[in-house]
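The values are calculated or read from the model by the stated rules, or taken from the named source; none is laboratory data. Source: prediction; values computed, not measured. Cβ atoms come from the backbone with ideal geometry, glycine included; neighbour counts cover every protein chain shown. SASA here: full protein model, heavy atoms, side chains in, ligands and nucleic acids out. Shrake-Rupley method; radii C 1.70, N 1.55, O 1.52, S 1.80 Å.
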Amino acid sequence: MVERNIRMPKFALPGAGLPSGNALALLGLVALLLSAWFGVSALRQWQGARAEDGLAQQRDAIRQVAGGQVTRSRKALLDAIEQPGVRAALAAGEPVAAAQALSGALPNALRVELLPLELQPLYARLPAGGFAGLALAEEALGSAKPVVRVARVAGKHELGIAQALSNGQVALAAFSAQPLLAAVQQSDAGLCYL
């Protein structure tokens, strides 16, 4: 076999060596701008992560306060309904005595009402009577569990809890929502939703 030694010509490109002074300075400037851009981006991500963590902690603290208040208020209403005086008045068909006994069993409640099965009187009082109690009563009649809502009544926030009773009436208690509002007001959510 014959060996061939073929040589390819080399073409020299002008300026193909090391970059000149101006090109090197421009390359350094681009690298500096890129590193500054990446640095600012990393700083913003870090700040966003810190803000998100802080918001999550505030949200969890509010959830704990709200959950505790709702649980205590719901338990207070259910325990009051089970009081012997309330049970006896309900069994005897005496709604006024049952409402008084229920009110006595809930000393921390702002208002306590025992609503009849027929909600027509509540509809007749609208809008002066307010929509909050009626909405709670309607929802409680359709549910076997206590219904809890925060409502604005006469300019103040209240935590309303309603429970349908076995005789078809609805027990409604309103508690102060101040601990919940204080927890929300103490938070610093900025422009975010909790």
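For the range 149-189, the set of residues classified as in contact with an Asp or Glu (Cβ under 9 Å, 6 or more places away or on another chain), under 16 Å from GLY67 (Cα atoms) and open to solvent by 30 Å² or more (accessible area, probe 1.4 Å) consists of ARG149, VAL150, SER176, listed by residue number.
Summed over the range 8-29, the residues that are open to solvent by 100 Å² or more (accessible area, probe 1.4 Å) and modelled with pLDDT under 80 give a count of 6. Testing GLY129 on (1) surrounded by 15 or more Cβ atoms within 10 Å (Cβ to Cβ); (2) in contact with a Leu (Cβ under 7 Å, 6 or more places away or on another chain), one condition comes back false. Which one is that? With respect to (1) surrounded by 15 or more Cβ atoms within 10 Å (Cβ to Cβ); (2) in contact with a Leu (Cβ under 7 Å, 6 or more places away or on another chain), GLY129 is out only on (1).
Of all residues in the range 83-97, exactly one satisfies the criterion of being closer than 22 Å to LEU159 by Cβ and open to solvent by less than 30 Å² (accessible area, probe 1.4 Å), namely VAL86.
Of everything listed in (1) of a type outside the set (Asp, Glu); (2) free of Cβ contacts under 8 Å to residues at least 40 places away in the same chain; (3) open to solvent by less than 20 Å² (accessible area, probe 1.4 Å); (4) in contact with a helix residue (DSSP H, G or I) (Cβ under 7 Å, 6 or more places away or on another chain), the single unmet condition for LEU136 is (4). The set of residues in the range 30-55 being aliphatic (A, V, I, L, M) and at pLDDT 85 or above consists of VAL30, ALA31, LEU32, LEU33, LEU34, ALA36, VAL40, ALA42, LEU43, ALA49.
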